[in-house]
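Engineer: The structure's right below; bear with me while I get my questions together.
Where a number appears in this text, it was derived from the coordinates with a stated rule and is not lab data. Keep in mind it's a predicted model, so treat the numbers as computed, not measured. Cβ sites come from the backbone with ideal geometry, for glycine too, and all protein chains shown count toward neighbours.
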Amino acid sequence: MTLEQLLETTEYEVIKGKVDKEITTFVYDSRKAKEGSVFICISGTVRDAHDFIPEVIGKGAAAIVIEKDVDEINGLRSLLEMNSTATVTFIKVKDARKALAHMSAVYFGNPADELITIGITGTKGKTTTTYMIKDILDKAGIPTGLIGTVEIIIGDEIIHSGNSTPESYAVQNYFRRMADAGIKAVVMEVTSQGLMMNRVEGITFDYGIFTNLEPDHIGENEHKDFEDYMYWKSTLFQKCKTGIFNIDSEFIEGILKNHTCTVETFGISEKADFRATDISFCQMDGKLETKYRVTGKENFEVELNMPGMFSVYNSLTAIALCSHFNVPQDIIKKTLPNVYVKGRTEIIEVSSRIKNAPKFTVMIDYAHNAMALESLLTTLRVYKPKRLVCVFGCGGNRAKSRRFEMGEVSSKLADLTVVTSDNPRFEEPEAIIADIVTGVKKADGKFVTITDRREAVKYAVKNAEEGDVIVLAGKGHEDYQEIRGVKYHMDERELIDDAVKECNEVRE
């Protein structure tokens, strides 16, 4: 591939050198640059890749793509005047992230053109819905890849996920690997941050999905306000052919603003194209089940081994999407009850493993903001537990408002709140807990504070009563705790195992 070919869909200016030259690799990480590479400089929030230009020149890079003016880059003017850069081409673009997306697509051979692409955006429900869609399409004989918060799935290969929506280079790389593996469709989470940072720039999704919207990801290094958050969510529907929308969202008009796609809807509204009716919830053998009938463009009974209205919405979304693939109803009906998503209303069997223990339920869920926690706890109230116990903390170096709001929500809806640590990052856990308690005290719920999350989980399990539902909220699929820049292994399933072991030792 030549540099000119790599740049064929990118607007650029040649600062120095030629574009009719062969290249070896295209990279945005200076550590991966080598002889003949094209290196694109991304101005990140932590590091500015423009600072690594001398390093990649030293490695024999063939071309460097910049977004800053030459005189704004330390030492570049003098470098350009040196003989050592005579063979290096310098390209200027207006937006490096946008250029990265377009160049990545070309570099990997425009793999999105070989796949049916499905993008899901919304405040919550994205992860569970992606798994529902993938499982149904796979069962229908349509091999489907997945890119999301928990993992990337390419056939039998599972890759740990760093971001819900990876960098554009990674997205295109995954698409290429999927297409080469014979995968026919891909479903992926498309976050507001991913849209804002041009991680899906240049992709025209075959289907775009909107789940719901509430204030989230607002603060330093995120979105400046709710309007900005909603705007970036809405841009997905200028990048897709068919949009499938939750008609019950109060923000549906804002999401639809400036859309260019055809519109289809789901919800409980009579206006919905796919409508849930006759909804019921029941508890049986320690499971929290949900049943309803979908009407409208489809008509059949649905059973789920997941609790609550959010499960109704998630499954409706999957049904609406899969209708475009003409998936038989019996495949959908058989698949949905067996969908498993790590850390999303994940029920862990506990009481049967403890000698002479009362019967109670333990659930792990990723609910890490007030909206998600309120939805979860309200849902669990429907199942009429003897006590609803909520164990949670909040992440450090994030909006403090989330702490007050989550504390108040738990205090209102749970019978007992166990306030503990989450990912404190560079804050003191006790300071975060104090903020949460401020919110807790706005209502009248009982609470205790236990800084060590391991001890908090033990406390909840050891003190469980007959008929309790214990929710460990906030961590979900995560298997680490981040403290001062270091991620330490911590999986709540293992914390539960430790609690079970200790309970049995005490009762021997």
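Engineer: Using the Cα centre as the reference, give the magnitude of the dipole from point charges on the C-beta atoms of the chain (Lys, Arg: +1; Asp, Glu: -1; all else neutral), rounded to the nearest 20 debye.
Structural biologist: Here the size comes out at about 520 debye.
Engineer: Mind pulling the angle between the C-alpha long axis of helix 309-322 and the longest principal axis of the chain? Nearest 10 degrees, somewhere in 0 to 90.
Structural biologist: With rounding to tens, the tilt is 50 degrees.
Engineer: A further question on this structure: Would you mind calculating the relative contact order of the chain from Cα pairs under 8 angstrom and at least 6 residues apart, reporting the percent as a whole number?
Structural biologist: Result for the chain is 10 percent.
Engineer: Could you point to the residue in 327, 166, 315 farthest towards the positive end of region 109-338's charge dipole, with +1 and -1 charges on the Cβ of Lys/Arg and Asp/Glu respectively?
Structural biologist: After comparing all options, I get 327.
Engineer: Continuing with the same structure: What angle, in degrees between 0 and 90 and rounded to the nearest 10, separates the Cα long axis of helix 453-462 from the longest principal axis of the Cα atoms of the chain?
Structural biologist: 20
Engineer: Given the rule -39500 (n - 2.57) for each run of at least 4 DSSP H residues, summed and divided by the residues of the chain, what is its mean residue ellipticity at 222 nm, to the nearest 500 deg cm²/dmol? Walk me through the intermediate numbers first.
Structural biologist: Details: 16 runs with 157 residues, N = 508.
Helix contribution divided over all residues of the chain: -9000 deg cm²/dmol.
Engineer: I'd like the orientation of helix 96-107 relative to the chain: the angle between its Cα long axis and the longest Cα principal axis, in ° from 0 to 90, rounded to 10.
Structural biologist: Result, in degrees: 80.
Engineer: Considering the zone a paramagnetic label at residue 94 would reach in this model (a point 7 Å from Cα along the Cα-to-Cβ line), which residues of region 22-52 have amide N under 19 Å from it?
Structural biologist: Only 41-43 fall inside the zone, counting backbone N under 19 Å.
Engineer: Loop only per DSSP, at most 13 neighbouring Cβ atoms within 10 Å: give me the GluC sites (Glu not before Pro) in region 48-99, ordered by residue number.
Structural biologist: Answer in residue order: 81.
Engineer: In a shell of Cβ-Cβ distance under 9 Å around residue 498, excluding residue 498 itself, what net charge do Lys and Arg (+1) and Asp and Glu (-1) give?
Structural biologist: Local charge sum for residue 498: 0.
Engineer: Hey, could you grab the Kirkwood Rh for region 100-170? Inverse mean 1/r over distinct alpha carbon pairs, Å, one decimal.
Structural biologist: Result for region 100-170, one decimal place: 13.3 Å.
Engineer: Going through region 293-381, which GluC sites (Glu not before Pro) have at most 12 other Cβ atoms within 10 Å and a DSSP loop state? List each step's numbers first, then the result.
Structural biologist: On the way: sites: 298, 301, 303, 346, 349, 374; in loops: 298, 349.
Those satisfying the criteria are 349.
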